[in-house]
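Structure first, commentary second.
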Amino acid sequence: MGDRGSDAALEYRDFADARAAQLFRIALLMCGDWHEAEDLVQTTLAKLFVAWGRVRRRESVDTYARRVMLNAYLSQRRLRRSGEMPVAELDDRTAPGVDADLRMTLVAALRRLPPRSRAVVVLRYVEDHSIESVAALLDATPSAVKSLNTRGLAQLRELLGSEQDLFQS
C-alpha cells in the first residue's frame with residue numbers, strides 16, 4: 001500500500017512539474033496579474049493534489065486541471081475582494097524579442113473584459129481550444145461560448161482600436 005501512495009505522489013509531482021508553466025501562462029492571461037496568477041496556479045495544484053487519487057485515472061488530467069483553475073478564477077472574480085493593492089507602475093521585465101508595449105497593451109485590454117469573456121478568449125486563442133471544449137470547461141452551451149467569444153473580441157477590437165498607433169510604429 002505504501003508503494004501505491006508513493007507512486008501516486010511521484011505521478012502528481014511529474015504532472016505538476018510538467019504543467020505548472022502552462023497553467024501559469026493561462027492564469028496570467030486570465031487574471032492579468034503575475035502574483036494573482038501564481039496564487040491561482042497554486043490553488044489549482046493544491047486542489048488537484050487532494051483529488052489526485054481519483055483524477056489520475058481520468059483520460060485527460062489536463063482538462064480537469066484547467067477546469068479547476070477556471071472555476072477557481074471565476075469564483076475569485078465573483079467574490080470581488082482582494083487584499084492586494086494595485087501599484088502605479090509595473091515591473092518592466094520581458095523576454096528577449098518580445099514587444100513589451102504590445103504585450104502590455106494586450107494584457108491591459110484583456111483585463112478590461114468581463115471574467116467569462118476573458119476566459120473564453122484566452123482558452124480559444126492562446127490555448128487553441130475548440131468551442132466545444134471551452135463550453136465543457138465553462139459548463140456552458142457552445143452557443144453561449146460563441147456569444148462570449150464574439151462579445152469579447154468586439155470589446156478587444158474597440159479597446160485596441162484606439163491603440164493602433166502603437167502597432168504601426
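The values are calculated or read from the model by the stated rules, or taken from the named source; none is laboratory data. Quick caveat: nothing in here was measured; it's all calculated off a predicted structure. All Cβ positions, glycine included, derive from the backbone under ideal geometry; neighbour counts span all protein chains shown.
Working only within the stretch 1-57, note down all residues that are farther than 15 Å from residue 71 by Cβ, modelled with pLDDT of 90 or more and among the small types (Gly, Ala, Ser). Once the filter is applied, which keeps residues that are farther than 15 Å from residue 71 by Cβ, modelled with pLDDT of 90 or more and among the small types (Gly, Ala, Ser), the stretch 1-57 yields 16, 18, 20, 21, 37.
Number of residues in the stretch 10-27 that are of a type outside the set (Lys, Arg) and without any contact (Cβ under 8 Å) to a residue 24 or more places away in the chain equals 7.
Inside the stretch 72-109, can you point out the residues that are touching a Cys at 6+ places or on another chain (Cβ under 9 Å) and modelled with pLDDT of 85 or more? Passing the criteria: only 73. There is no residue in the stretch 130-142 that is at pLDDT below 90, of a type in the set (Ser, Thr, Tyr), surrounded by fewer than 19 Cβ atoms within 10 Å (Cβ to Cβ) and touching a helix residue (DSSP H, G or I) at 6+ places or on another chain (Cβ under 7 Å). Within the stretch 25-75, if we keep just the residues that are of a type in the set (S, T, N, Q) and part of a helix (DSSP H, G or I), the residue that is surrounded by the most Cβ atoms within 10 Å (Cβ to Cβ) turns out to be 44. Which pairs have Cβ atoms under 7 Å, sit 6 or more apart or on different chains, and link a residue in the stretch 47-66 that is farther than 17 Å from residue 20 by Cβ to one that is surrounded by 15 or more Cβ atoms within 10 Å (Cβ to Cβ)? The qualifying pairs are 58/64.
Taking the stretch 113-144 as the range and being closer than 16 Å to residue 30 by Cα, assigned to a helix (DSSP H, G or I) and not small (Gly, Ala, Ser) as the test, the residues that pass are 115, 116, 118, 120, 121, 122, 123, 124, 125, 134, 137, 138. Looking for something surrounded by 18 or more Cβ atoms within 10 Å (Cβ to Cβ) and among the acidic types (Asp, Glu) - is there at least one such residue anywhere in the stretch 11-23? No; the residues of the stretch 11-23 include none that is surrounded by 18 or more Cβ atoms within 10 Å (Cβ to Cβ) and among the acidic types (Asp, Glu).
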